[in-house]
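Below is one structure, written out as structure tokens, with a few remarks after it.
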């Protein structure tokens, strides 16, 4: 177990090496993503007593609307208010694990299954997503419409972390009264980057532990560890249901 609020560089190095192995033998990216969030959820603790350090851990990846199944397309349409164009990217929930039963299956998730990203203006109206992309060090335009001419640079770029030290009252963390406050979410940290396929991937941890800026910065190398595990599936077998 690793104390989420007091991680060391050594902890991150060991954890990263573990994450890199979680794609071995998996048939789909979704399976790898589930392995990754489950490993983090089970091994990050709140203090020394062994209590879970995270209330919820989620894995998202952008995916073309045309390649989503009808259920996810319908969810995206509901958010967008109309049918999405085939080439629109959606920030799609690939894996989830948490203390509530409905948080342990992307199929059972009530919200945030497929967030449409039709334009920079639309993304700007979703504070958490806009902040996530910005803090990871990317332009929204590069996420919603990756330029093949710059894809190699994006793929090889080292990314930052998304961090909200105080989740309560933050404009960047939604569902304050239904989720943040009643479940004791204190901090949020996310890390990720860009795959060779031009898709954004990110892991987001909703922590009951207090995570300082210095500790959040330690998560940066984990983005590369996650990428090593999922890159073999980029543009190939993503969802377990095809």
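Within the stretch 212-235, restricting attention to residues that are more than 17 Å from the chain's Cα centre (by Cα) and in a loop (DSSP other than H, G, I, E, B), which residue is modelled with the lowest pLDDT?
So the residue we want is 235.
One line per residue, one yes/no per condition, for (1) at pLDDT 95 or above; (2) surrounded by 12 or more Cβ atoms within 10 Å (Cβ to Cβ); (3) within 20 Å of residue 233 (Cα to Cα):
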position: 61; (1), (2), (3): yes, yes, yes
position: 77; (1), (2), (3): yes, yes, no
position: 91; (1), (2), (3): yes, yes, yes
position: 97; (1), (2), (3): yes, yes, no
position: 101; (1), (2), (3): no, no, no
position: 106; (1), (2), (3): no, yes, yes
position: 121; (1), (2), (3): yes, no, no
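Of the residues in the stretch 1-41, how many are under 17 Å from the mean Cα position of the chain (by Cα) and without any contact (Cβ under 8 Å) to a residue 12 or more places away in the chain?
0
For every residue, the table says whether it meets (1) assigned to a loop (DSSP other than H, G, I, E, B); (2) closer than 17 Å to residue 206 by Cβ; (3) touching a strand residue (DSSP E or B) at 6+ places or on another chain (Cβ under 6 Å).
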residue	(1), (2), (3)
91	no, yes, yes
95	no, yes, yes
107	no, no, no
110	yes, yes, no
115	no, yes, yes
123	no, no, yes
128	no, yes, no
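Only one of (1) without any contact (Cβ under 8 Å) to a residue 24 or more places away in the chain; (2) buried (at least 16 other Cβ atoms within 10 Å of the Cβ) fails for residue 182. Which number is that?
(2)
Going through 241, 158 one at a time, which residue ends up being closer than 15 Å to residue 12 by Cβ and at pLDDT below 95?
So the residue among 241, 158 that is closer than 15 Å to residue 12 by Cβ and at pLDDT below 95 is 158.
The values are calculated or read from the model by the stated rules, or taken from the named source; none is laboratory data. Not measured: the values here are computed from a predicted model. As a convention, Cβ positions derive from the backbone with ideal geometry for all residues, glycine included, and neighbour counts pool all protein chains shown.
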